[in-house]
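The values are calculated or read from the model by the stated rules, or taken from the named source; none is laboratory data. Not measured: the values here are computed from a predicted model. As a convention, Cβ positions derive from the backbone with ideal geometry for all residues, glycine included, and neighbour counts pool all protein chains shown. Heads up: the accessible areas ignore ligands, DNA and RNA and are worked out on the full protein's heavy atoms, side chains in. Shrake-Rupley method; radii C 1.70, N 1.55, O 1.52, S 1.80 Å.
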Amino acid sequence: MLNLVENHSLTHSMPRTAAFFDLDKTVIAKSSTLTFSKSFYQGGLINRRAVLRTAYAQFVFLAGGADHDQMERMRAYLSALCRGWNVRQVKEIVAETLHDLIDPIIYDEAASLIEEHHTAGRDVVIVSTSGAEVVEPIGELLGADRVVATRMVVGEDGCFTGEVEYYAYGPTKAEAVKELARSEGYDLARCYAYSDSATDLPMLSAVGHPHAVNPDRTLRREALAREWPILDFHKPVRLKQRLPNLSAPSRPALVVAAAVGAAAATAGLVWYASRRRAPAASR
C-alpha cells in the first residue's frame, strides 16, 4: 500500500490537496446504481422484466464487453425507465438498503486508501456518473468530503422527467475536478486520482498522481505508456468489520454536482458527450 502519510507541520502551510475517486469498479466491486435494481423492484418502481434487463447490464458492466452503441442504447433505456420515479421514494429505498447492498462490496484496498488520504490531510472526493440518491449516501458511508455526480431534471411534482441536466462523465469529470481545485484551493499537481476506466483519462490526466485501478484494456495500455501506477483491488470487505468508525463519518459528504436519476449510471460506459451536445455543468 502506498505510504501517503505526511508531516502535518510541513503540509499546513502548503496548498490543499485531494484524492479523487471514481466509484464503480474502483471503490466498489459493482455498478452502484444497478446494484439497487432488486430494491427498486420491491419498491414498485420497476417490473420484473426491468430487473432482468438491469441484471444483464450489470453483467455487461463487469465483463466490460459492450461496445459504445450497446451501452448508449442501455443508457437511453435506463434514463427513460426512471421517468416518473418519485425522488423521495428513491432516496428512501437507497437509505433502507444501503448497508445491506453496498457495505459488502467495498474494496478493502480502496477503504485503506481513503483512510490514508485522510490521515495525510487530503480531502476525499467521489466523482461518479451515478446519481446523488446513490452516490451521496455511499460517500457518507465512506467518509468522503465531497461528491460530484450526474444530475437529472426533477419536475414540479418531485418526480424525474427522464432528462439529463448535468452528466458527470469523461471530460465533465475533469472540468468538475478543476473547478473544485479553484474553489477549494487544491494544488492539482499534488492531488491523486483513481479510476478503472479509460473514459476517465481526462480526470486522471488533470492531477499529478493518477492511478489506474483494475483498469480496462485501454486504460492499462495508457497507464503503462505514461508510467502511471496500476493497482489491483480484489478484496471486498464489510466496513463495519474493518473500520467501525467509517460507517458513521464525522464529516458529511458535500454534493458538488448534486445528482439525481439513479437509472442513468450505466451511461458511464459510453461517451455521451460525443454523441450529443454535452449539457453545461451548472453548479
If you go through the stretch 116-128, how many residues are open to solvent by 10 Å² or more (accessible area, probe 1.4 Å) and hydroxyl-bearing (Ser, Thr, Tyr)?
1
So ALA193 clears everything in (1) under 19 Å from THR17 (Cα atoms); (2) of a type in the set (A, V, I, L, M, F, W, C); (3) in contact with a Ser or Thr (Cβ under 8 Å, 6 or more places away or on another chain); (4) surrounded by 24 or more Cβ atoms within 10 Å (Cβ to Cβ) except one condition, right? Which one?
(3)
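Being buried (at least 23 other Cβ atoms within 10 Å of the Cβ) and modelled with pLDDT of 90 or more narrows it down to one of GLY170, GLY143, GLY139, so name that one.
Working: GLY170 fails: modelled with pLDDT of 90 or more; GLY143 fails: buried (at least 23 other Cβ atoms within 10 Å of the Cβ).
Result of the check over GLY170, GLY143, GLY139: GLY139.
Restrict the check to the stretch 129-136 and report whether at least one residue is out of contact with any strand residue (DSSP E or B) (no Cβ under 9 Å at 6 or more places or on another chain), in a helix (DSSP H, G or I) and closer than 29 Å to MET14 by Cβ. Quick ask: steps written out before the conclusion?
So the first thing to find is which residues in the stretch 129-136 are out of contact with any strand residue (DSSP E or B) (no Cβ under 9 Å at 6 or more places or on another chain), and the list is 133.
Those left that are additionally in a helix (DSSP H, G or I): 133.
Adding the requirement that they be closer than 29 Å to MET14 by Cβ leaves none.
No: the stretch 129-136 contains no residue that is out of contact with any strand residue (DSSP E or B) (no Cβ under 9 Å at 6 or more places or on another chain), in a helix (DSSP H, G or I) and closer than 29 Å to MET14 by Cβ.
Does the stretch 241-262 hold any residues that are assigned to a loop (DSSP other than H, G, I, E, B) and modelled with pLDDT of 50 or more, and which are they?
Looking only at the stretch 241-262, we keep the residues that are assigned to a loop (DSSP other than H, G, I, E, B), and these are 243, 248-253, 258-261.
Correct list: LEU243 only.
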Those residues of the stretch 166-196 which are in contact with a Phe, Trp or Tyr (Cβ under 7 Å, 6 or more places away or on another chain), closer than 26 Å to ARG221 by Cβ and of a type in the set (A, V, I, L, M) amount to VAL177, ALA193
